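Quick notes on the structure that follows.
The values are calculated or read from the model by the stated rules, or taken from the named source; none is laboratory data. Note that the structure is a prediction, hence the values are computed from the model and not measured. For neighbour counting, all protein chains shown are included, and Cβ atoms are generated from backbone atoms with ideal geometry for every residue, glycine included. Accessible surface areas use protein heavy atoms only, side chains included; no ligands, DNA or RNA. Shrake-Rupley method; radii C 1.70, N 1.55, O 1.52, S 1.80 Å.
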Amino acid sequence: SPTPQSVGAPGTAATVPIRDALMSPGSPVTIAGIVVVPAGLLDADGRRVVIADAGGGVLARLVEGDPAPALGDRVRVTGVVGAYYGAPQLTADAPVELLGRAGDPAPYRVSRAPLAGELEWRLVVASGRIVELHRYGESWRAELELPGGDRLPIVGLSRAGVPATTLAEGRTATVTGIVRRPYPTASDRRFALVPRGPSDV
């Protein structure tokens with residue numbers, strides 16, 4: 001995992017843990033972490049990725065024209081923390097610095113719901129029984145009943161390419177994904193689990 005308190009090369013800003021960066025909205029910060037959601041899943045223009053370290057995660061909006069890092073890349077980004085549909089977002093003011101390859105990190109396992117705000121943009125995994133499944137064209141939404149009886153919403157985005165037929169009501173499933181808050185206009189205010197691709201389900 002990244003060393004969030006390490007100092008960069010001479011002339012570069014010291015990195016801070018993502019959790020600390022989120023507490024300094026509007027101020028320039030530098031974070032380091034692993035790309036856990038590649039560009040193209042969460043927006044149509046392909047400029048947003050999710051970066052996580054050992055203690056937190058954040059959506060990052062890249063500089064226009066900056067090549068997007070790949071899933072599993074270790075990166076350092078400098079920018080200002082703001083909001084995107086109410087969720088924390090780091091808007092980069094310089095190109096992403098690639099630090100090497102780390103691979104997809106192990107997700108944090110959750111066994112109860114609702115998902116708490118401190119897990120926002122974190123990579124998590126949950127197992128249970130599918131008790132509801134609703135299809136909306138190429139997207140879908142399901143309810144995963146955890147062993148303790150809690151229900152966890154699962155949102156399948158069309159850009160993730162996960163067919164709704166992958167799941168079926170009454171069957172068990174293990175789902176990995178990113179924790180995302182609801183849109184401000186949504187009636188269901190629970191944080192949901194969003195798989196990134198077919199291999200996450």
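Kindly indicate the residue of region 165-178 that is free of Cβ contacts under 8 Å to residues at least 40 places away in the same chain and open to solvent by less than 40 Å² (accessible area, probe 1.4 Å) and also nearest to residue 86 (Cα to Cα) among those meeting that condition. Of everything passing the filter in region 165-178, 167 is nearest to residue 86 (Cα to Cα). Count of region 177-195 residues, restricted to those that are assigned to a strand (DSSP E or B) and either β-branched (Val, Ile, Thr) or touching a Cys at 6+ places or on another chain (Cβ under 6 Å) (or both), is 3. Just a yes or no: is a residue in region 49-58 open to solvent by 20 Å² or more (accessible area, probe 1.4 Å), over 12 Å from residue 31 (Cα atoms) and part of a strand (DSSP E or B)? No; the residues of region 49-58 include none that is open to solvent by 20 Å² or more (accessible area, probe 1.4 Å), over 12 Å from residue 31 (Cα atoms) and part of a strand (DSSP E or B).
When residues in region 179-196 are screened for being crowded, with 21+ Cβ neighbours inside 10 Å and over 17 Å from residue 116 (Cα atoms), 2 of them pass.
Out of curiosity, is residue 65 open to solvent by 60 Å² or more (accessible area, probe 1.4 Å), at positive phi and not in a strand (DSSP E or B)?
Considered against the rule, which asks whether it is open to solvent by 60 Å² or more (accessible area, probe 1.4 Å), at positive phi and not in a strand (DSSP E or B), residue 65 comes out as yes.
Only residues that are farther than 25 Å from residue 44 by Cβ and either open to solvent by 60 Å² or more (accessible area, probe 1.4 Å) or of a type outside the set (Gly, Ala, Ser) (or both): list them for region 138-164, please.
Pass one, region 138-164, residues farther than 25 Å from residue 44 by Cβ: 143-152.
Matches in region 138-164: 143, 144, 145, 146, 147, 148, 150, 151, 152.
Scanning region 93-137 for residues that are open to solvent by 80 Å² or more (accessible area, probe 1.4 Å), closer than 14 Å to residue 193 by Cβ and free of Cβ contacts under 8 Å to residues at least 60 places away in the same chain returns 108, 109, 111, 112.
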